[in-house]
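Here is the structure we will look at.
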Amino acid sequence: MLAGLAVLVGARGSAASEPEVAPRSLKQLAAAKGMRMGSSFAWGAQGADRGSFANPAYAALLMRDCSLLVAENEMKWQALRPSATQFDFARFDAMMAWADANALPVRGHNLLWHQPKWMPRWEETHDFGATPARAAERLLVDHVSTVCGRYGSRIRSYDVVNEAVDPKDASLYQTALSRAMGSPEATLDLAFRTARRAAPQAQLVYNDYMSWEPGNATHRAGVLKLLEGFKTRGVPVDALGVQSHLVTQGIDARATIAELEGEWRRFLDEVTAMGYGLVITELDVRDNSLPADVAVRDRAVADFTRGYLDVMLAYPQLRDVLLWGMTDRYSWIEGFEPRKDKPRRRPCPYDAAFKPKPMYTAIAAALAAAPHRA
Ligand code: G3I
């Protein structure tokens, strides 16, 4: 499966006198800069064709390139909480066991995806009784403490709150929990304060998808307001998770980047000036506004990725970069947003046949060029 990799990054030793040099993986390139490279992964039945640890082909990519993992879905309320009184840890436990066996640390994603659409149906219709604020607080504290308590120091970074800001108007979403508690702020603050108590060793992250493309200004403003509010209220939040679901803007990535980077840097400067760290939590690229031709698309995606990472990696506050999947084969984008003209999406560093793409080389080059972290 990995034969293509040798062609891509290991072909330099073709002269007889020059020995074949083992190509450096993304995790090795990251480690050389004091960073970690990671990816999402999934649960799957043994040998199933999924982006899972139990798929040997996918596991090989994780072990080759990753020094950090995150469960794509299995730690979410929808996966862990069949009801208000039950937890089901079977799938996530199996993923943790595999990661532990391979000495791969895991990030926690997530303790509260604060949107009604992504909470379990039972939670949105839950009867919180005569003292709703107290009952909702109990439910949230129980969830966060139980999850954090179960994994203890095995998980050292959590997306405590995910996507709480409505990009349409920068307001905070309401769920049944926040309505019962009186406000979204009270709900998010409680999630972070509880996580700090239950996982004192962990980095606590607010994770969202505000990005650098046009149309994200309101979302960025909402996230900045939320981060300022956390500071004012003394809420223990350590870093902003910049999901990085990028969207190409056309073939000429260089021109696009020149247009986008000023505003984006101003946003990152404001975030870091408040004292927050940065994590790239879910990197992938939607090949919008690009022709169907694979070579053209791959080139533009790679150039866009490189330009983005060059900006991001210039921030010493950024130490961890995670992909939202290693291969196009299992990417969520194909299911959620297929191309209207039909050809398969190509958002990840490996293609659907597990061959590395120009995006892989672009990430490797960006890591190689990144300043060293102390
Ligand atoms: O598990 C069920 C399965 O039993 C059923 O047969 C199947 C039928 O559709 O659905 C399965 O659940 C799906 C799940 O992915 C696992 O494949 C859900 O319907 C589907 O909604 C879910 O989508 C995930 C989505 O988050 C919502 O949780 C995507 O895989 C996942 O990539 C996506 O990840 C999010 C991050 O958590 C937050 N940031 C954005 C990112 C991309 O949307």
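The values are calculated or read from the model by the stated rules, or taken from the named source; none is laboratory data. Keep in mind that this is a model prediction, so the values were computed, not measured. Neighbour counts are summed over all protein chains in view; Cβ atoms, including those assigned to glycine, are modelled from backbone coordinates with ideal geometry. Side chains are part of the model used for accessible areas, which takes the heavy atoms of the whole protein and leaves out ligands, DNA and RNA. Shrake-Rupley method; radii C 1.70, N 1.55, O 1.52, S 1.80 Å.
Residue check, T256 against (1) away from the ligand (no atom under 16 Å from the Cβ); (2) closer than 28 Å to A191 by Cα; (3) among the hydroxyl-bearing types (S, T, Y), all met but one. Which one?
Going through (1) away from the ligand (no atom under 16 Å from the Cβ); (2) closer than 28 Å to A191 by Cα; (3) among the hydroxyl-bearing types (S, T, Y) one by one, T256 breaks only (2).
Identify, from the list I333, I363, the residue that is closer than 25 Å to R220 by Cβ, open to solvent by less than 50 Å² (accessible area, probe 1.4 Å), in contact (Cβ under 8 Å) with a residue 24 or more places away in the chain and within 16 Å of the ligand (Cβ to nearest atom).
Numbers: I363 fails: within 16 Å of the ligand (Cβ to nearest atom).
Result: I333 is the single residue among I333, I363 that is closer than 25 Å to R220 by Cβ, open to solvent by less than 50 Å² (accessible area, probe 1.4 Å), in contact (Cβ under 8 Å) with a residue 24 or more places away in the chain and within 16 Å of the ligand (Cβ to nearest atom).
State the number of residues belonging to segment 60-105 that are hydrophobic (A, V, I, L, M, F, W, C) and either open to solvent by less than 10 Å² (accessible area, probe 1.4 Å) or within 14 Å of the chain's Cα centre (by Cα) (or both).
Looking only at that region, the number is 14.
Scan segment 210-246 for residues that are touching a Gly at 6+ places or on another chain (Cβ under 9 Å) and either among the β-branched types (V, I, T) or within 24 Å of V70 (Cβ to Cβ) (or both) and jot them down.
M210, V235, D238, A239, L240
Can you confirm whether segment 15-27 contains a residue that is at pLDDT 50 or above, within 26 Å of the chain's Cα centre (by Cα) and open to solvent by 50 Å² or more (accessible area, probe 1.4 Å)?
Looking through segment 15-27, at least one residue is at pLDDT 50 or above, within 26 Å of the chain's Cα centre (by Cα) and open to solvent by 50 Å² or more (accessible area, probe 1.4 Å).
Can you tell me which residues in segment 56-91 are farther than 30 Å from R24 by Cβ and either away from the ligand (no atom under 16 Å from the Cβ) or among the aliphatic types (A, V, I, L, M) (or both)?
Correct list: M75, A79, L80, S83, A84, T85, Q86, F87, A90.
If I ask for residues that are under 21 Å from the mean Cα position of the chain (by Cα), surrounded by fewer than 22 Cβ atoms within 10 Å (Cβ to Cβ) and either hydrophobic (A, V, I, L, M, F, W, C) or more than 16 Å from the ligand (Cβ to nearest atom) (or both), which ones from segment 232-245 would you list?
Scanning segment 232-245 gives P236, D238.
Would you confirm whether any residue within segment 128-149 is in contact (Cβ under 8 Å) with a residue 60 or more places away in the chain and within 13 Å of the ligand (Cβ to nearest atom)?
no
Does segment 106-117 include one or more residues that are more than 29 Å from R193 (Cβ to Cβ) and surrounded by fewer than 23 Cβ atoms within 10 Å (Cβ to Cβ)?
The answer is no, given that none of the residues of segment 106-117 is more than 29 Å from R193 (Cβ to Cβ) and surrounded by fewer than 23 Cβ atoms within 10 Å (Cβ to Cβ).
Just checking, does segment 89-110 include any residue being in a strand (DSSP E or B), among the basic types (K, R) and modelled with pLDDT of 95 or more? Even if it seems obvious, please write down each step before you answer.
Keep residues of segment 89-110 that are in a strand (DSSP E or B), which gives 106-110.
Add one more test, that the residue is among the basic types (K, R), and what stays is 107.
Cutting the leftovers down to modelled with pLDDT of 95 or more gives us 107.
There is at least one residue in segment 89-110 that is in a strand (DSSP E or B), among the basic types (K, R) and modelled with pLDDT of 95 or more.
Taking segment 289-310, which residues are assigned to a loop (DSSP other than H, G, I, E, B), touching a Pro at 6+ places or on another chain (Cβ under 6 Å) and not aliphatic (A, V, I, L, M)?
Within segment 289-310, no residue meets the criteria.
Residue check: is N110 on the phi < 0 side of the Ramachandran plot and either away from the ligand (no atom under 13 Å from the Cβ) or in contact with a helix residue (DSSP H, G or I) (Cβ under 6 Å, 6 or more places away or on another chain) (or both)?
Answer is no for this residue.
Tell me the residue from T305, T281 that is among the polar types (S, T, N, Q), closer than 26 Å to S331 by Cα, touching a helix residue (DSSP H, G or I) at 6+ places or on another chain (Cβ under 6 Å) and buried (at least 22 other Cβ atoms within 10 Å of the Cβ), please. Steps first, answer last, please.
Working: T281 fails: touching a helix residue (DSSP H, G or I) at 6+ places or on another chain (Cβ under 6 Å).
Being among the polar types (S, T, N, Q), closer than 26 Å to S331 by Cα, touching a helix residue (DSSP H, G or I) at 6+ places or on another chain (Cβ under 6 Å) and buried (at least 22 other Cβ atoms within 10 Å of the Cβ) holds for just one of T305, T281, which is T305.
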